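A.B. asks: Next up is a structure, given as structure tokens.
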Amino acid sequence: MLIKKAVYIISNPDFEKCPNPDRPEFAFIGRSNVGKSSLINMLCNNEKLAKTSGSPGKTQLINHFEVISTLSESNAKTNAQLWYLVDLPGYGFATISQRSRRRWEQMIENYLRKRENLTMVFVLIDSRHTPQKIDLQFLENLKIWQIPFCLIFTKSDKENQRTVSKNVKDFLEAMKKTWQFLPQHFVSSAVKKSGKDKILTYIEEVMNQLKN
């Protein structure tokens, strides 16, 4: 897959105000400061698309981006595909009140459970850390809600490969305690652009399955 264009459309506090659900939608979510914006910018070849910040919790709305992609340069005009990429607020640490946090969490849950064209959720996990309870609990929620997802282990350039591999393995082992089947997973680095092609190929495969 080649992303030809990606543009910001709108930000909303309510899933009912999101754009018309007329195309596949792929959402990205993870713990605050997991590198979500950097990953989205890498995938879309635009460093300024999603706003990055050194302060966790900056994304507080449901952010929609319209994406135009093709299979290859040779058939760009005949096989253009339209889809939405969604940047969701992070879960976990954020300097907000308990009341605001609950409203925030409800906004995310409503979107995940009720957005009818939501095709896949990419859950981002920081590969620098050992398995975190908050990440595992969020995945349990997705199981209860029956929402399809896969994992992206981010920031793989920030640690040596042995540590990254061990953290990924330990996370998947932790999942095996409550999951019969493990989801698709990718290891990425926005800095080195690693994992980009595999993630985009996966999105392409999922969209092709929708056509069949």
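The values are calculated or read from the model by the stated rules, or taken from the named source; none is laboratory data. Keep in mind that this is a model prediction, so the values were computed, not measured. Using ideal geometry, Cβ is built from the backbone for each residue, glycine included, and neighbour counts are taken over all protein chains shown.
Residue-wise test of (1) closer than 30 Å to Thr70 by Cα; (2) acidic (Asp, Glu); (3) at pLDDT 95 or above; (4) touching a Lys or Arg at 6+ places or on another chain (Cβ under 7 Å).
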site: Arg128; (1), (2), (3), (4): no, no, yes, yes
site: Asp135; (1), (2), (3), (4): no, yes, yes, yes
site: Gln146; (1), (2), (3), (4): yes, no, yes, no
site: Glu159; (1), (2), (3), (4): no, yes, no, yes
site: Lys196; (1), (2), (3), (4): yes, no, yes, no
site: Tyr202; (1), (2), (3), (4): yes, no, yes, no
site: Met207; (1), (2), (3), (4): yes, no, no, no
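A.B. asks: Sort out which residues of segment 15-42 are part of a helix (DSSP H, G or I) and either under 13 Å from the mean Cα position of the chain (by Cα) or surrounded by 18 or more Cβ atoms within 10 Å (Cβ to Cβ) (or both), and write them in order of number. Write out each step before concluding.
C.D. replies: Within segment 15-42, the first condition is being part of a helix (DSSP H, G or I), and the residues that meet it are 15-17, 36-42.
Within segment 15-42, Phe15, Lys36, Ser37, Ser38, Leu39, Ile40, Asn41, Met42 meet the criteria.
A.B. asks: Could you please let me know if Lys114 is more than 28 Å from Lys177 (Cβ to Cβ) and loosely packed, with under 15 Cβ neighbours inside 10 Å? Spell out the reasoning first.
C.D. replies: Working: more than 28 Å from Lys177 (Cβ to Cβ): yes; loosely packed, with under 15 Cβ neighbours inside 10 Å: yes.
For Lys114, the condition - more than 28 Å from Lys177 (Cβ to Cβ) and loosely packed, with under 15 Cβ neighbours inside 10 Å - is met.
Condition check ((1) in contact with a strand residue (DSSP E or B) (Cβ under 7 Å, 6 or more places away or on another chain); (2) farther than 25 Å from Asn41 by Cβ; (3) surrounded by fewer than 17 Cβ atoms within 10 Å (Cβ to Cβ); (4) of a type outside the set (Ser, Thr, Tyr)) across all residues:
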| site | (1), (2), (3), (4) |
| --- | --- |
| Phe138 | yes, no, no, yes |
| Lys143 | no, yes, yes, yes |
| Thr154 | yes, no, no, no |
| Lys158 | no, no, yes, yes |
| Arg162 | no, yes, yes, yes |
| Lys166 | no, yes, yes, yes |
| Ala174 | no, yes, no, yes |
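A.B. asks: Identify the single condition in (1) within 18 Å of Leu2 (Cα to Cα); (2) under 14 Å from the mean Cα position of the chain (by Cα); (3) surrounded by fewer than 17 Cβ atoms within 10 Å (Cβ to Cβ) that Gln184 does not satisfy, given that it satisfies every other one.
C.D. replies: Of (1) within 18 Å of Leu2 (Cα to Cα); (2) under 14 Å from the mean Cα position of the chain (by Cα); (3) surrounded by fewer than 17 Cβ atoms within 10 Å (Cβ to Cβ), only one is false for Gln184: (1).
A.B. asks: Let me ask something additional. For segment 160-176, check the following and say yes or no: at least one residue is of a type in the set (Phe, Trp, Tyr) and over 30 Å from Cys18 (Cβ atoms).
C.D. replies: So in segment 160-176, the residues of a type in the set (Phe, Trp, Tyr) come out as 171.
Cutting the leftovers down to over 30 Å from Cys18 (Cβ atoms) gives us 171.
Yes, because at least one residue in segment 160-176 is of a type in the set (Phe, Trp, Tyr) and over 30 Å from Cys18 (Cβ atoms).
A.B. asks: Go through segment 121-176 and report how many residues are hydroxyl-bearing (Ser, Thr, Tyr) and within 17 Å of the chain's Cα centre (by Cα).
C.D. replies: Pass one, segment 121-176, residues hydroxyl-bearing (Ser, Thr, Tyr): 127, 130, 154, 156, 163, 165.
The next check asks that each one be within 17 Å of the chain's Cα centre (by Cα); those that pass are 127, 154, 156.
Total meeting the criteria: 3.
A.B. asks: Something else: Is it the case that Val164 is at pLDDT 95 or above and in contact with a Ser or Thr (Cβ under 8 Å, 6 or more places away or on another chain)?
C.D. replies: On the way: at pLDDT 95 or above: yes; in contact with a Ser or Thr (Cβ under 8 Å, 6 or more places away or on another chain): yes.
It is true that Val164 is at pLDDT 95 or above and in contact with a Ser or Thr (Cβ under 8 Å, 6 or more places away or on another chain).
A.B. asks: Additional query: For residues in segment 57-70 being more than 14 Å from the chain's Cα centre (by Cα) and modelled with pLDDT under 80, which is surrounded by the most Cβ atoms within 10 Å (Cβ to Cβ)? Even if it seems obvious, please write down each step before you answer.
C.D. replies: So in segment 57-70, the residues more than 14 Å from the chain's Cα centre (by Cα) come out as 57-58, 60-61, 66-70.
If we keep only those that are modelled with pLDDT under 80 too, we end up with 57-58, 60.
Details: Gly57: 18, Lys58: 15, Gln60: 15.
Selected residue: Gly57.
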